[in-house]
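Q: Structure in structure tokens, see below.
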Ligand code: SF4
């Protein structure tokens, strides 16, 4: 809605309609029309963009996203951290550093900026395993999203997923949270390798 | 471009030992990918991984340091053509020139200016930080004497310039502990000076009379000798040519990862103009366009200050808001009856507000709350400048011990928080100040504690 209005007000502005065109990869969310547009708009810097992946050709952001997700290789999962959380995270970077890493048009495999609600949407990093990949998030974010999260977790058949996800009370390094994930039998540990 | 962070990560030990200075291998990989770290920082990379990474992980413009201690000047490390693509990383060093032709008084004068024209802004000390010492006659003794004189008088980073390799060697030996930049190896002196640079561990500038090809040949030759820290001078001494050269060099380094030109440059506005104004204009151009070191014939407040500000602005990371430190700032010797104002820590806000308070000549306490660099309205909208945050900050700040009244002035734009703040602070009276900083002086002049 907002984007449509913005486009109507300023047809050459930042919001542009894009035809998806031919589907190139439905798992990762790759469309020819999108790629063509991105290629042109980025002045040939970016040639492919996957809607649903954090590992392969992920989205860039302007840097003002609510959350940043990062992969946690030894946990075979991803973490996400919201802007309000100022402490260290298991990926070894704080939110501000992460935002600097992914923002401003940089395509940074392994990292993606997103909104809070996006986490509970069906397509959240669907190409990499979706919500079940999430192994760490700050407690405050867990609490904020609880209701939506649980609904989505139920759909996925893991109703207690939220409790199996670590937060800062468990640890802020991968070493600290891995035993917790193992004990809770976090589904990500059983999934295909994330990279 | 080189490998992505993830590709680099796969080659790292993945032990997250933290010895590289960041907590995880992934964070280190990201820093490598962005060119802001060097592989050597990790003691555990395997040789095989090293080889694979060396090529892609080294920043396209080699970072190097001239000078030591407080005055160490780090340049290079750049990864983009334009600041808006990401950020520029290391400010170019600004040097003032002294030569063996100058008399003592003239040399003292330049050194005194270097010392005097320093400015504290944004919590930073802005200054020119280098002295270029030039041997004008090829006489080793007088050169060494001048080097010693400058070395004793100033902590500044040094650039030693001579056409005579022997004199240069003598000068460098006199101050090798200060890690000077050696200027400059040419086709004729590459062997001697290359050996000197290697022996002393000092960075070496190279200058060719044969355009880019000559420079590349020299650079290849010296890298072949095992030198890593080189600085380029194409020899251009006109604005147009020097500008073109800088652009070509940066492009080759960043766009093509062409290693022979992947080094910082040195440029000499002092040899390109006959008055300080023109010289300063040229320096301004080179600050924006890719210079590593800029040598000026003279420094005056009117010429240096704009350059320092320009440099600060251009090299400030546009991806992060500038901030002032949270705390209580006394402005103009305030006492227990002085007004107390609170604002956010976006540095522009802080400077404008503190400037206006200063201008009002009403001694005041300015309390700056950490809003992560957001300005008042933005911080308020983002929930970082609310009754609760301001209340907690004020209660903990210790301002209550400094004043005998209980009045606090909040920014006009944050009027909405006054109710909540009142609840938080209990016995304090919340006064809504002006919306615009420009109206602060008028407001303060009529302010009385209640
Ligand atoms: S020093 Fe090497 S092994 Fe240790 S955390 Fe850094 S990159 Fe990983």
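The values are calculated or read from the model by the stated rules, or taken from the named source; none is laboratory data. Remember, it's a predicted structure, so these values are computed and weren't measured experimentally. Here the Cβ is made from the backbone with ideal geometry for all residues, glycine too, and neighbour counts use every protein chain on show.
Q: If I filter segment A:132-141 for residues that are in contact with a helix residue (DSSP H, G or I) (Cβ under 6 Å, 6 or more places away or on another chain) and closer than 20 Å to residue A:27 by Cα, do I get at least one hit?
A: Checked segment A:132-141: at least one residue is in contact with a helix residue (DSSP H, G or I) (Cβ under 6 Å, 6 or more places away or on another chain) and closer than 20 Å to residue A:27 by Cα.
Q: Same structure again: Among the residues of segment B:36-45, count how many are under 17 Å from residue B:3 (Cα atoms) and either more than 24 Å from the chain's Cα centre (by Cα) or within 7 Å of the ligand (Cβ to nearest atom) (or both).
A: 1
Q: Suppose we filter A:85, A:56 for residues that are in a loop (DSSP other than H, G, I, E, B), assigned by TED's automatic domain parsing to the domain that holds residue A:171 and closer than 30 Å to residue A:162 by Cα; which single one remains?
A: It is A:85.
Q: Next question. Can you give me the number of residues within segment A:129-166 that are assigned to a loop (DSSP other than H, G, I, E, B) and on the phi < 0 side of the Ramachandran plot? I'd like the intermediate steps shown before the answer.
A: In the first step, residues of segment A:129-166 are kept if they are assigned to a loop (DSSP other than H, G, I, E, B); the result is A:129, A:137-138, A:156-160, A:165.
From what's left, on the phi < 0 side of the Ramachandran plot: A:137-138, A:156, A:158-160, A:165.
So the answer is 7.
Q: Pick from segment A:27-46 the residues that are surrounded by fewer than 14 Cβ atoms within 10 Å (Cβ to Cβ) and outside any helix (DSSP H, G or I): which of them is modelled with the highest pLDDT?
A: Here the residue is A:27.
Q: Could you check how many residues of segment A:78-95 are facing chain B (nearest Cβ under 8 Å) and within 15 Å of the chain's Cα centre (by Cα)?
A: Counting residues in segment A:78-95 that are facing chain B (nearest Cβ under 8 Å) and within 15 Å of the chain's Cα centre (by Cα) gives 1.
Q: Please state which one of B:169, B:184, B:174 is in contact with a strand residue (DSSP E or B) (Cβ under 6 Å, 6 or more places away or on another chain), more than 14 Å from chain A (Cβ to nearest Cβ) and either surrounded by 15 or more Cβ atoms within 10 Å (Cβ to Cβ) or in a loop (DSSP other than H, G, I, E, B) (or both).
A: Just a single option satisfies the conditions, and that option is B:184.
Q: Criterion first (within 28 Å of residue B:156 (Cβ to Cβ) and either crowded, with 19+ Cβ neighbours inside 10 Å or more than 15 Å from the ligand (Cβ to nearest atom) (or both)) does residue B:72 satisfy it?
A: yes
Q: Also, quick follow-up: Among the residues of segment B:323-349, count how many are surrounded by 20 or more Cβ atoms within 10 Å (Cβ to Cβ) and assigned to a loop (DSSP other than H, G, I, E, B).
A: Within segment B:323-349, residues that are surrounded by 20 or more Cβ atoms within 10 Å (Cβ to Cβ) and assigned to a loop (DSSP other than H, G, I, E, B) number 5.
Q: Just the residues that are assigned to a helix (DSSP H, G or I) and over 24 Å from residue B:389 (Cα atoms), please, taken from segment B:355-370. Working first, answer last.
A: The initial filter retains those residues of segment B:355-370 that are assigned to a helix (DSSP H, G or I), namely B:355-360.
Correct list: B:355, B:356, B:358, B:359, B:360.
Q: Which one of these is more than 16 Å from the ligand (Cβ to nearest atom), free of Cβ contacts under 8 Å to residues at least 40 places away in the same chain and under 15 Å from residue B:254 (Cα atoms): B:85, B:78, B:101?
A: Values: B:78 fails: free of Cβ contacts under 8 Å to residues at least 40 places away in the same chain; B:101 fails: under 15 Å from residue B:254 (Cα atoms).
After applying the criteria, what remains is B:85.
Q: State the number of residues belonging to segment A:96-128 that are in a loop (DSSP other than H, G, I, E, B) and either more than 8 Å from every other protein chain (Cβ to nearest Cβ) or under 30 Å from residue A:154 (Cα atoms) (or both).
A: Residues that pass the stated criteria total 10.
Q: For segment B:371-390, enumerate the residues that are crowded, with 20+ Cβ neighbours inside 10 Å and assigned to a helix (DSSP H, G or I).
A: Result: B:376, B:379, B:380, B:387, B:389, B:390.
Q: Right, next: Given the criterion modelled with pLDDT of 95 or more and part of a helix (DSSP H, G or I), identify the matching residue among B:50, B:110, B:74, B:10.
A: That would be B:110, the only listed residue that is modelled with pLDDT of 95 or more and part of a helix (DSSP H, G or I).
Q: Taking only segment B:87-99 into account, find how many residues are surrounded by 22 or more Cβ atoms within 10 Å (Cβ to Cβ) and assigned to a loop (DSSP other than H, G, I, E, B).
A: Residues meeting the conditions: 2.
Q: While we're here: Being within 10 Å of chain A (Cβ to nearest Cβ), surrounded by fewer than 24 Cβ atoms within 10 Å (Cβ to Cβ) and more than 8 Å from the ligand (Cβ to nearest atom) is the filter here, so list the residues in segment B:4-35 that pass it.
A: B:4, B:5, B:6, B:7, B:10, B:31, B:34
Q: From the list A:90, A:159, A:109, which residue is in contact with a helix residue (DSSP H, G or I) (Cβ under 8 Å, 6 or more places away or on another chain) and without any contact (Cβ under 8 Å) to a residue 12 or more places away in the chain?
A: Residue meeting the stated conditions: A:159.
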